[in-house]
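Visitor: Please find one structure pasted underneath; my questions will follow.
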Amino acid sequence: MKDRIYIYIILVTATFYSCNKPNRYQKSVDDYLQLDSTVLEVTTVADSLHVPWEMVYHNNKIIFTEIAGKVKQLDLHTGHIKTILEIPDVYQKRTTGLLGLALSKNDATAEPYIFLTYTSKKDSTITSNLVRYQYQTDTLINPKKLLQIKGNTAHNGTRLYVDQHNIIYWATGDAYDFPLAQDSTSLNGKILRLTIDGSIPKDNPIPNSYVYAWGFRNMQGLAIDEQGNIFTSEHGEAIEDEINAIYPLHNYGWPLIEGKHDLPAELELAKHKKLTQPIRSWTPVIAPSGLAFYSSDQIPEWKNSLILATLKSQTLRVLKLSEDRKQITHEHIYFSNRYGRLRAVMVAPNGDIFLSTSNRDWNPQKGFPKASDDKILRLSITNKTNSITLHEDKPDETKKAKGDILYKNYCASCHKEDGLGVKNTFPPLVGSQRIRDSQAFVDVILNGLDGKKPINGILYGTLMPSFSFLKDEELVEIINYVNRQFADGKEIGTDMIKKRR
């Protein structure tokens, strides 16, 4: 009798722990983030990845792309990662590769479609491809190419979103061919709208055209809220990174106008041409990337906000929207330089937020990549309040913009803090003859470079924008800082800037 009671107790205990064990894979907590009243724990759910570019949620799994050409699946219950597709013709250089990812909105009993965007190269021609796959038993089968457009080694955009009506939105870049953004017959520099079989929806604003809106440079984020409002994040050139609210047939200005209409020439142009301004812009630039809309009650402080990942500023930004969703009323900044470049953001059905890092891409920041990069991180609520490690980042408004700060804000993302640049992509400042020639250096800063002439025998092919929008005093600070750090220490005054403008 005692043996039977003992066995019964064991069975009951085992059943209890089986039913109540965590239903998600959990590594140790990296950080605790204190909001106004909510505490979030930041947990690594996957590491040692290679530039996870986009993520979607499906049945307690995260399906994600890696830039070199693999689609992988993370089981949130076990932590197991499986490669479910490898695309052999992906062309990966700098910002090209396997990029966008979206999931169709099927009912619970049907397997969804997976949509992917990636660049390919044949001879010297680069294209961006939108391809549909069937998701079946943890594999992707039956590829169907829906659309192909011009690509380049930069400015490919390629975020995807599938709305509740199974309409695909594709945010495309200008493929480094700026005039295409203003050509409404081109598919580059656009928001494209198409059905899941690749056809043009009958209610598109331009009959027999995929084009929904235009005038974009290089969109890196795309989100749609529960009301159907569309938002994008976009890289500016040297200034004016943007968040845009997207409306059909609207022209967002690039390359005619960049960012807010606030310069005299922009205000004059806007009088004669109907162009739509961003709802938020940043100068210095922050390199905005993945974007998601947060509607959950799980984190009340962030409800009805856009969640933005950034690359250059290495931050997560929470952009609170107005009630009509037409303005950003507050901006909250977290994780400065904590996890490195943040590429993608995704909101799970339970309100958890997932972020992916991008520290093994072509442009890592100082101190990265770390041995365990790249990662997928989870932000989820916790009742632990005695181990807070992080708070909201508060900018130091008293710090003056001296040369080192201006260099970091405008130059270091390309030429790096040590002045060594990025091999075959951005030229080094160390050893540059142009820097030693003060007039030549000032001319480059004021006028930019088209990237078509070799520098020390190397053709970088990358445009350097003009920084003439900066004040004379700011340009002097940057030039003198560069000379002190990377050249012979020779300094100039504002008189040379005024003379060369």
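We did not get these values from a lab; they are worked out from the coordinates using the rules stated. Everything numeric in this text was worked out from a predicted model, so none of it was measured. Cβ sites come from the backbone with ideal geometry, for glycine too, and all protein chains shown count toward neighbours.
Visitor: Show me the GluC sites (Glu not before Pro) within the stretch 157-260 that DSSP assigns to loop and that have at most 11 other Cβ atoms within 10 Å of their Cβ. Working shown, then result.
Guide: Working: sites: E226, E234, E237, E240, E242, E258; in loops: E226, E237, E240, E258.
Qualifying residues, ordered by number: E226.
Visitor: Distance cut-off 25 Å, Cα to Cα: go down the list K150/K326; K121/K416; K93/K375 and report the pairs above it.
Guide: Details: K150/K326 32 Å; K121/K416 29 Å; K93/K375 21 Å.
The pairs that break the limit, which is 25 Å between Cα atoms, are K150/K326; K121/K416.
Visitor: Please name which of N337, I353, L306 has its Cα lying farthest along the dipole of the stretch 289-434 towards the positive end, using unit charges on Cβ (Lys, Arg +1; Asp, Glu -1) and the Cα centre as origin.
Guide: Farthest towards the positive pole: N337.
Visitor: Continuing with the same structure: Please order D47, D324 by the number of other Cβ within 10 Å, starting at the fewest.
Guide: Working: D47 16, D324 8.
Result, fewest neighbours first: D324, D47.
Visitor: Measure nothing but the geometry: give the 0 to 90° angle between the long axis through the Cα atoms of 438-447 and the longest principal axis through the Cα atoms of the chain, rounded to 10°.
Guide: 60 degrees
Visitor: Show me the trypsin sites (Lys or Arg not before Pro) within the stretch 351-450 that DSSP assigns to loop and that have at most 16 other Cβ atoms within 10 Å of their Cβ. List each step's numbers first, then the result.
Guide: On the way: sites: R360, K366, K370, K375, R378, K384, K399, K400, K402, K408, K416, K423, R434, R436; in loops: R360, K366, K370, K375, K384, K399, K400, K402, K416, K423.
Answer by residue number: K366, K370, K384, K399, K400, K402, K423.
Visitor: Go through the stretch 311-321 residue by residue and turn each phi into a ³J(HN,Hα) via Karplus (6.51, -1.76, 1.60, θ = phi - 60°); whole Hz please, and just put x for glycine and proline.
Guide: Result, ordered by residue: 9, 5, 7, 6, 10, 9, 10, 10, 10, 6, 8 Hz.
Visitor: If you don't mind, there's one more thing I want to ask. To the nearest 20 Debye, how big is the dipole of the stretch 29-382 about its Cα centre, given +1 on the beta carbon of each Lys and Arg and -1 on that of each Asp and Glu?
Guide: Its charge dipole is roughly 720 debye.
Visitor: Hey, if you put +1 on the Cβ of every Lys and Arg and -1 on every Asp and Glu Cβ in the chain, which of T119, A265, N383 ends up farthest toward the positive end of that dipole?
Guide: Positive-end residue among those listed: T119.
Visitor: Once you charge only the Cβ atoms, +1 for Lys and Arg and -1 for Asp and Glu, what is the size of the charge dipole of the stretch 177-312 about its Cα centre, to the nearest 20 debye? Show your work: numbers first, answer last.
Guide: On the way: 11 positive and 17 negative charges, 49 e Å.
That gives the stretch 177-312 a dipole magnitude of about 240 debye.
Visitor: Further, regarding this structure: What are the residues whose amide H is under 5 Å from the amide H of I67, where those residues sit 5 or more places off or on another chain and H is modelled from the backbone?
Guide: W53
Visitor: Taking the Cα centre as origin and putting +1 on Lys and Arg beta-carbons and -1 on Asp and Glu beta-carbons, what dipole magnitude results for the stretch 403-500, to the nearest 20 debye?
Guide: On the way: 13 positive and 13 negative charges, 72 e Å.
Using Cβ point charges on Lys, Arg, Asp and Glu, the stretch 403-500 gives about 340 debye.
Visitor: Spin-label point model (7 Å from Cα, Cβ direction): what's the K490 to K202 distance in nm?
Guide: Placing both labels 7 Å along Cα→Cβ, they lie 7.1 nm apart.
Visitor: If I take R0 = 25 Å and measure r between the Cβ atoms of K105 and Q227 in this structure, what FRET efficiency does the formula 1/(1 + (r/R0)^6) give, to the nearest 0.05? Intermediate values should be presented prior to the final figure.
Guide: On the way: r = 16 Å, r/R0 = 0.64.
Approximately 0.95, to the nearest 0.05.
Visitor: Give the calculated FRET efficiency between T385 and H77 to the nearest 0.05, with a Förster radius of 41 Å applied to their Cβ-Cβ distance. Can you show the working numbers first?
Guide: On the way: r = 28 Å, r/R0 = 0.67.
Given R0 = 41 Å and the Cβ-Cβ separation, E is 0.90.
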